[in-house]
Amino acid sequence: MTAELPIGTRLGTDDPAHLLAPRLNRHTFWCGQSGSGKTYALGVLLEQVLLHTRLPLVILDPNSDFVSLGRTRPGIAPELAEEFASRDIRVCRRSPGDGDPLHVRFVDMNLASRAAVMQIDPIADADDFNAMLRGEERLRGALAQIDDALLAGQRSGLRPSLVHWLRTQADPEFERLAIRLENLGIADWQLWAWGQTALPDIIDERPDTTVIDLGGFDTADEPRAAALAVLDHLWARRHDRIGRLIVIDEAHNLCSPAPATPIERLLTERIVQIAAEGRKYGLWLLMSTQRPSKVHPNALSQCDNLGLMRMSSPRDLAELGSVFGYAPAALRDRATSFAQGEVLFAGGFAPEPMLVQVGARLTEEGGSDVPIPLR
């Protein structure tokens, strides 16, 4: 294996272009407008990371773009197909299909995250948050017992378990929590891992790649809760110092500059915290989005690597220039005329700032465009 990751050819030449695998130990920002080939190109990079490194990938995948990352395309050299076949790639998804069910344990989420899921703000909903805080030990013990009972096949479903337990405590504050769970529909979420394997358990097995397919949920908050549970878990285990590349596709959905709900705020805070402090623990972000202005500036400013594809907005290019000064303006400005698959790489993972035509994918693309039917 090599420390150089083949990514394509230098623009306008047949000279190979490489990125430096050891420099993925910095945060990376990957951006390009719709139709630029951003997701396809990101797939090329992730394939090379899989082939040439032992760096575990954790991919938050909202559009099912990377669920086929281990499935090689027809015509790929047999030795490459064998390499991919030997990799441990776990796909966790809500919708039916190959892979593992996507579940997290309510009991394993920390107090702040459980409150955020229930839309309880520590200030605006001070009484309900305080009820959770004071009843934390009792509640966690009950949740653990419920989970154990489900594992033993004694119960099924969240509603007849947690909600029932809250109501049997003869405590008006717990009754309010039960009503909130029911009214918000949280009791019916299919995300919860009652009696089943949870996503953090799979991540702790250290597969080469964990693809977390965040599509297919009935509510907008379920994928956010799944992402929050994963990031909280990785942060809680940060002192293990296990290097991981955390890929956040469509990062504006999870790290907005103006989060509106408790769960959105907590998600943004966690990503900003990992961006600011995670590098020394081996938690490295790769955030991908169409527009830099839609990602929180405190996360954006921590990125030392840049992959820039076609970007026609002068405002977005100006913002990129103010944040990524290591990307030469003369090359950055060419992004307005990039063809599909052309990209500017700059920062630590590029031997030098360079324009590249990204190479072909080796595995199947999960979320390609819907074609126009012809007569």
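The values are calculated or read from the model by the stated rules, or taken from the named source; none is laboratory data. Keep in mind that what you see is a predicted model, and the values were worked out from it rather than measured. All Cβ positions, glycine included, derive from the backbone under ideal geometry; neighbour counts span all protein chains shown.
State whether the residues of the stretch 341-349 include one that is surrounded by fewer than 16 Cβ atoms within 10 Å (Cβ to Cβ) and at pLDDT 90 or above.
Taking every residue of the stretch 341-349 in turn, none turns out to be surrounded by fewer than 16 Cβ atoms within 10 Å (Cβ to Cβ) and at pLDDT 90 or above.
Among the residues of the stretch 255-300, write down those that are at pLDDT below 95 and more than 24 Å from Val117 (Cα to Cα).
Passing the criteria: Gln290, Arg291, Pro292, Ser293.
Here is a yes/no grid of residues against (1) among the basic types (Lys, Arg); (2) at pLDDT 95 or above:
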residue	(1), (2)
Gly12	no, no
Thr28	no, yes
Ser34	no, no
Pro56	no, yes
Ser64	no, no
Arg73	yes, no
Leu80	no, no
Phe84	no, no
Arg94	yes, no
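Run Asp127 past the list (1) modelled with pLDDT under 90; (2) surrounded by 14 or more Cβ atoms within 10 Å (Cβ to Cβ); (3) outside the structural domain of Arg23 (by TED's automatic domain parsing) and report the number of the one that doesn't hold.
Result: Asp127 passes all but (2).
Can you name the residue in the stretch 260-273 that is under 17 Å from Ala226 (Cα atoms) and out of contact with any Asp or Glu (no Cβ under 7 Å at 6 or more places or on another chain) and, of all such residues, is surrounded by the most Cβ atoms within 10 Å (Cβ to Cβ)?
Ile271
Taking the stretch 215-248, which residues are under 19 Å from Trp284 (Cβ atoms), without any contact (Cβ under 8 Å) to a residue 60 or more places away in the chain and in a loop (DSSP other than H, G, I, E, B)?
Arg237, Arg241
Yes or no, residue by residue, for (1) of a type outside the set (D, E, K, R); (2) out of contact with any Lys or Arg (no Cβ under 8 Å at 6 or more places or on another chain); (3) closer than 24 Å to Ser256 by Cβ:
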position: Arg291; (1), (2), (3): no, yes, yes
position: Lys294; (1), (2), (3): no, yes, yes
position: Gly307; (1), (2), (3): yes, yes, yes
position: Arg310; (1), (2), (3): no, yes, yes
position: Gly321; (1), (2), (3): yes, no, yes
position: Ala330; (1), (2), (3): yes, yes, no
position: Ala339; (1), (2), (3): yes, no, no
position: Gly366; (1), (2), (3): yes, yes, no
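Go through the residues of the stretch 276-293 one by one and say whether even a single one is in contact with a Pro (Cβ under 8 Å, 6 or more places away or on another chain) and either assigned by TED's automatic domain parsing to the domain that holds Asn25 or surrounded by fewer than 17 Cβ atoms within 10 Å (Cβ to Cβ) (or both).
yes
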